[in-house]
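Note sheet for the following structure.
The values are calculated or read from the model by the stated rules, or taken from the named source; none is laboratory data. Since the structure is predicted, the reported quantities are computational estimates derived from the model, not experimental observations. All Cβ positions, glycine included, derive from the backbone under ideal geometry; neighbour counts span all protein chains shown. Quick note on the areas: whole protein, heavy atoms, side chains included, nothing else; ligands and nucleic acids left out. Shrake-Rupley method; radii C 1.70, N 1.55, O 1.52, S 1.80 Å.
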Amino acid sequence: MLLTDRESAALLHVAVSTFRRYVTKGLVPPPIKLGGASRWPQSEILAVIEAAKDARAR
């Protein structure tokens, strides 16, 4: 499933502007471009969450 920036931000519980900053900083993978639209695979957003959980456990 492909998510918009708003859907991805909601999944991470952050504002869209924060999500976009995460993308710019490389904390979230860059989007897949479909025409003029940017989309993120849900699996990649969930992987970001799992990586944060793993980092917290260390």
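Would you confirm whether any residue within region 13-26 is under 9 Å from the mean Cα position of the chain (by Cα) and loosely packed, with under 14 Cβ neighbours inside 10 Å? No, region 13-26 contains no residue that is under 9 Å from the mean Cα position of the chain (by Cα) and loosely packed, with under 14 Cβ neighbours inside 10 Å.
Identify all residues within region 42-58 that are out of contact with any Pro (no Cβ under 9 Å at 6 or more places or on another chain) and not in a loop (DSSP other than H, G, I, E, B); write none if there are none.
Going through region 42-58, the residues out of contact with any Pro (no Cβ under 9 Å at 6 or more places or on another chain) turn out to be 42-43, 46, 49-58.
Scanning region 42-58 gives Gln42, Ser43, Leu46, Ile49, Glu50, Ala51, Ala52, Lys53, Asp54, Ala55, Arg56, Ala57.
Residue by residue through region 27-41, note down the ones that are open to solvent by less than 60 Å² (accessible area, probe 1.4 Å) and either small (Gly, Ala, Ser) or in a helix (DSSP H, G or I) (or both).
If the condition is that a residue be open to solvent by less than 60 Å² (accessible area, probe 1.4 Å) and either small (Gly, Ala, Ser) or in a helix (DSSP H, G or I) (or both), then Ala37, Ser38 are the ones that fit.
Here Val14 passes the criteria (1) in a helix (DSSP H, G or I); (2) modelled with pLDDT of 95 or more except the one numbered (1). The single condition among (1) of a type in the set (S, T, N, Q); (2) open to solvent by 60 Å² or more (accessible area, probe 1.4 Å); (3) within 9 Å of the chain's Cα centre (by Cα) that Ser8 does not meet is (2).
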